[in-house]
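Student: Take this structure, written in structure tokens, and hold onto it; I'll ask about it next.
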Amino acid sequence: MAGEVEDERGFFGEQTAVSVGKVKQAPAKPHYVGHRERLRDRFHNSASGDDFADYELLELILFRLIPRSDTKPVAKALLARFGSLSQVLGAPETLLREVKGVGPTVALDLKVIAAAGRRMARGEIRTRELLSSWNQVLDYCRAAMAFEEREKFRILFLDKKNALIADEVQQMGTVDHTPVYPREVIKRALELSSTAIILVHNHPSGDPTPSRADIDMTRTIIDTGRQLGIAVHDHIIIGKKGFASMKGLQLI
């Protein structure tokens, strides 16, 4: 259908000029143009943008992606569907496209922005001693995994100074299970000359509470690694609205 093929950049598009007799009136300046200028000025004068609401930051992003339309309805529709800016950026591309005003182009651009944000967060922890930058580690893990639709098992490999050597997704599973092989975890740590690891996986259900299987698997990895001088600092489970640390819960 023609409406489905049309690029979303024309959504809520400007109206054409209106003819009155033989005189053509110039098109009225769209109401959103002044709003865009004011919002950009506010951001320019803001120290960090922390005082902006999620829908305002999302509008600023959409200004570039949908250049000739009122983006506020689209921003608010996205937040109504997914809940927060981080959840919008973490949402699967297929679900983003279900929101009115968001077609393939905008959905893809939002995922590119999300990937850039994850890359920035990973850069923040790559040059630091991770155990003294725990909040940054958690922020990175949430950005990378909180809104995945399937379970992923991630490993952060550390050196003797607890700096990051590598960040790898070792396994991808189903909506409620990821197969993990303790020997393979430790084998990979040895290959990278890593002396410590942090285990991370997500619960697509949203509840980060560790299962019995999660706890047993973690303890097996700890026991296997101990024999070869590899420490497991923690196993973090990420949910949509929070996280659980097995070390913090005194489960390991």
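Student: All but one of (1) assigned to a loop (DSSP other than H, G, I, E, B); (2) closer than 18 Å to ALA107 by Cβ hold for LYS76, so report the exception by its number.
Tutor: All conditions are met except number (1).
Student: Which is closer than 27 Å to SER84 by Cα and without any contact (Cβ under 8 Å) to a residue 12 or more places away in the chain, of SER205, SER245?
Tutor: The match here is SER245.
Student: Now a separate question. Name the residues in the stretch 181-200 that are touching a His at 6+ places or on another chain (Cβ under 8 Å) and either assigned to a loop (DSSP other than H, G, I, E, B) or within 15 Å of MET217 (Cα to Cα) (or both), would you?
Tutor: ILE197, ILE198, LEU199, VAL200
Student: For the stretch 103-119, how many residues meet the condition of being of a type in the set (Lys, Arg) and closer than 14 Å to PHE63 by Cα?
Tutor: 0
Student: Then there is this: With respect to the numbered conditions (1) in a helix (DSSP H, G or I); (2) modelled with pLDDT of 90 or more; (3) surrounded by fewer than 21 Cβ atoms within 10 Å (Cβ to Cβ), which one is the sole condition not fulfilled by GLU98?
Tutor: Every condition holds for GLU98 apart from (1).
The values are calculated or read from the model by the stated rules, or taken from the named source; none is laboratory data. Worth saying up front: this structure is predicted, and the values here are computed from it rather than measured. Using ideal geometry, Cβ is built from the backbone for each residue, glycine included, and neighbour counts are taken over all protein chains shown.
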